[in-house]
1. Any idea which residue in the range 241-274 is nearest to the chain's Cα centre (by Cα), counting only those that are part of a loop (DSSP other than H, G, I, E, B) and crowded, with 19+ Cβ neighbours inside 10 Å?
2. Between 82, 30, which is more than 20 Å from residue 10 (Cα to Cα), surrounded by 15 or more Cβ atoms within 10 Å (Cβ to Cβ) and either modelled with pLDDT of 90 or more or in the same structural domain as residue 225 (by TED's automatic domain parsing) (or both)?
3. Could you check the range 229-240 and list, in sequence order, the residues that are surrounded by 14 or more Cβ atoms within 10 Å (Cβ to Cβ) and either in a helix (DSSP H, G or I) or not assigned by TED's automatic domain parsing to the domain that holds residue 282 (or both)?
4. What number of residues within the range 10-63 are under 27 Å from the mean Cα position of the chain (by Cα), within 19 Å of residue 80 (Cα to Cα) and either in a helix (DSSP H, G or I) or free of Cβ contacts under 8 Å to residues at least 40 places away in the same chain (or both)?
5. Could you run through the range 215-246 and say how many residues are without any contact (Cβ under 8 Å) to a residue 60 or more places away in the chain, more than 16 Å from residue 139 (Cα to Cα) and in contact with a helix residue (DSSP H, G or I) (Cβ under 7 Å, 6 or more places away or on another chain)?
């Protein structure tokens, strides 16, 4: 192997290890970083030949970005790739791998604001009040999955990793372990907590030898996998809404949007979602404003 390629591989691997063991990012996030970095270095090798980490200039990066735009890639996706490369070089600066980052001269393209997709409140009411869930273990689990996602706004990874001990019936809260192993406490309704307690009781009564560490399990008593949750959410949301996206993350958006529409304070919603900054939560105010505009148009005689 070319010495430069060998050296590059070590630089990239050290960065990936940092994301995995220090930042504790999810496998999905780490895979995205890896894919973006791999695509960049493949482009560099094809256009310029093998180059070392210290040899990359802003001009090289701009050529790569121009190629991505020529391929029709969206500004949002390009920005994600820029972010991956920027993080890589920030890490190398910290570790002494480079003396200067080529990313300091790179300006990310502006991405148009995209409002979070969410399910209307009436549709969510229909889901829990009129949609029929099967009376077997699968139906019981599916209903609890949807209830937890909508009542708490937790992420898919947080849901499948939720342990029985994180549901505290005494305080009526869930302790959720989020990104970067950051713990947050989410208050939940007595109705949901009763569903959880009943689910745990039935798990022990009906599924002998079931996993009692993790809360949600399949009919064989083993911890759920993410694809199961995706399939359940898609199937049931399809019965009450025609929105294009039907995923666990849409229910997270729905949770936040409904709270904001009901007058919840932005900082409180930030804490419930486990966002690192208020900027990530502010996107939900746009949905609230759009709803107010709609009400105004329908109600004001001069609208």
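The values are calculated or read from the model by the stated rules, or taken from the named source; none is laboratory data. Values in this document were obtained by computation on a predicted structure and should not be read as measured data. Cβ atoms come from the backbone with ideal geometry, glycine included; neighbour counts cover every protein chain shown.
1. Residues of the range 241-274 that are part of a loop (DSSP other than H, G, I, E, B), as a first pass: 241-247, 262-265, 274.
Now narrow it down to the ones that are crowded, with 19+ Cβ neighbours inside 10 Å: 241, 246, 274.
On the way: 241: 21, 246: 14, 274: 11 Å.
Restricting to residues being part of a loop (DSSP other than H, G, I, E, B) and crowded, with 19+ Cβ neighbours inside 10 Å, the top hit is 274.
2. Selected residue: 82, the only one of 82, 30 that is more than 20 Å from residue 10 (Cα to Cα), surrounded by 15 or more Cβ atoms within 10 Å (Cβ to Cβ) and either modelled with pLDDT of 90 or more or in the same structural domain as residue 225 (by TED's automatic domain parsing) (or both).
3. Hits for the range 229-240 are 229, 230, 232, 233, 234, 236, 237.
4. So the count comes out to 21.
5. Of the residues in that region, 1 qualify.
Conditions (1) in contact (Cβ under 8 Å) with a residue 12 or more places away in the chain; (2) part of a loop (DSSP other than H, G, I, E, B); (3) out of contact with any strand residue (DSSP E or B) (no Cβ under 9 Å at 6 or more places or on another chain), marked per residue:
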position	(1), (2), (3)
89	yes, no, yes
93	no, no, yes
97	yes, yes, yes
114	yes, yes, yes
128	yes, no, yes
